[in-house]
Amino acid sequence: MQNNDNPLDPGDILKNGMYQIQKLITVGGMGAVYKGVRRNAGGIKVNVAVKELLPGLAKKPYLVELFKSEARIYSTLCHSNIVRVIDLFEDRTRYYIILEWVEGFDLRNAIKILIKNYLSFPVEITVFIFFELLQALNYAHNIQIKSRDIDGIVHRDISPSNILLSNAGEIKLTDFGISKAGFRLKKFRKVPGKKGYMPPEQLEGVIGDERTDVYSLMVCFFESLTLINPLIYFKKKGTMLKFDDVRNDVPESLQELIILGLSTNIEKRPTSGEALNFLKQIIVNERIPLSSINFSDFIRSLGKL
C-alpha cells in the first residue's frame, strides 16, 4: 500500500490503475526511478519508466513547479536518441513522469561490467555511442519552441547514468530534469548536477550554455574509452590521464576532439554541432565502421556476463 513518504512497492497502482509499479531501479538526488507497466484500454501491457519527485522535495512548491515545467519542456523533444516523455501527473500528493522504457543498460552499469570482466569498449562501439549522442544534443540545442519562448534546450546533467544503451541497438539520452531551468535554478544554493562531470563554470554556479553539455559529454567519452573518469583522476593525481597510458588504439584525431571538448575555457570548446561535424570527419578519415547491429550484439553480450 502506497505511503506518502516511503518508496513505492511492487504492485502499487497509480493514476486509477493505469500504471503498476514492478520494481525500484534507482534513487538519485531529486527523484526515484521505477520500472512499471502501463495498461492500455485494450488490455495491452507496455513497460514504462516511472520517475517520481522524492516525497520530501514534493513539499517544496518551487521544486514541484520545476519538476512539472521541465517535464512539459522535455515532452516537446522528439528525437530517436532522446527518451520520450509519455505522461505527467499527480497521485495522492506525489508527482510522477512516465518515460519510455529502454531495455538494456545505462552507460554507468556497462562500464562497471567491463571493469569487472577486464574488458573494454572497442573504439568503434564507443564512437557509435557518442556519434548518436551528439546528434541528440545538436537537436536539443537548436530546437525552437515559439509557444514557450524557447531557443535551444541544454541538458546540464549529462553523466553515464543518463545515457541508455538498448539491446535493440539504440542509444538514448534521458533525464532533462534540470534543463533550460534558467532563473528557477537560482533557488538552489548550487547548480544541480554531478560534480564528476561538471565543467568549471558549472562548479562555480554558472548555469552555462550548450558547451557545458559538450564538456560533460566529453568526460563520458573519455571515461568510456579508458574506463577512468579523467576529472576524478586529475583530482587524485594532479595530472591529466593520457589515452596512451591505458590503450594505444584511440586515433590521435579522436583524442584531440575529446581534449578540445574538455577545455576549461568554455569559449574554446566546440558547440555540439561543431563537435558532431568533427566526429563525422574523423569517422571518414579513420575509416571507423559504425553499425547498430554490431552495437546491439555487443550490448547483448554484456548482458550475459
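Structure notes:
- Applying the criterion of being free of Cβ contacts under 8 Å to residues at least 24 places away in the same chain and touching a Pro at 6+ places or on another chain (Cβ under 7 Å) to the residues of the range 23-56, the residue that is farthest from residue 194 (Cα to Cα) is 23.
- Scope the range 112-128; condition closer than 16 Å to residue 281 by Cα and hydrophobic (A, V, I, L, M, F, W, C); matching residues: 123, 127, 128
- Restricting attention to the range 97-139, the residues being at negative phi and either touching a Gly at 6+ places or on another chain (Cβ under 7 Å) or not in a helix (DSSP H, G or I) (or both) number 15.
- Among the residues here, residue 157 qualifies as surrounded by 15 or more Cβ atoms within 10 Å (Cβ to Cβ), in contact with a Gly (Cβ under 6 Å, 6 or more places away or on another chain), at pLDDT below 95 and assigned to a loop (DSSP other than H, G, I, E, B).
- Top-ranked residue in the range 261-277 [being within 20 Å of the chain's Cα centre (by Cα) and of a type in the set (S, T, N, Q); ranked as surrounded by the most Cβ atoms within 10 Å (Cβ to Cβ)]: 272
- Among the residues of the range 110-146, the ones that are in contact with a Ser or Thr (Cβ under 9 Å, 6 or more places away or on another chain), farther than 16 Å from residue 275 by Cα and at pLDDT below 95 come to 2 in all.
- The number of residues in the range 256-305 being within 25 Å of residue 112 (Cβ to Cβ) and among the polar types (S, T, N, Q) comes to 5.
- Looking across 246, 250, 284, one residue alone is closer than 28 Å to residue 141 by Cβ and touching a helix residue (DSSP H, G or I) at 6+ places or on another chain (Cβ under 8 Å). It is 250.
- For the range 34-56, residues that are in contact with an Asp or Glu (Cβ under 8 Å, 6 or more places away or on another chain) and over 19 Å from residue 100 (Cβ atoms) total 2.
- Any chance residue 102 is farther than 15 Å from residue 160 by Cβ and either loosely packed, with under 14 Cβ neighbours inside 10 Å or touching a residue at least 12 places away in the same chain (Cβ under 8 Å) (or both): no
- Flag if residue 141 is under 21 Å from residue 51 (Cβ atoms) and buried (at least 20 other Cβ atoms within 10 Å of the Cβ): no
- Screening the candidates 92, 84, 38 for the property of being at positive phi and of a type outside the set (Gly, Ala, Ser) yields one hit, 92.
- Index of the failed condition, residue 80 passing every other in (1) more than 19 Å from residue 291 (Cβ to Cβ); (2) surrounded by fewer than 20 Cβ atoms within 10 Å (Cβ to Cβ); (3) in contact (Cβ under 8 Å) with a residue 40 or more places away in the chain; (4) among the small types (Gly, Ala, Ser): (1)
The values are calculated or read from the model by the stated rules, or taken from the named source; none is laboratory data. Keep in mind that this is a model prediction, so the values were computed, not measured. Every residue, glycine as well, gets a Cβ built from its backbone with ideal geometry; the counts of neighbours run over all protein chains shown.
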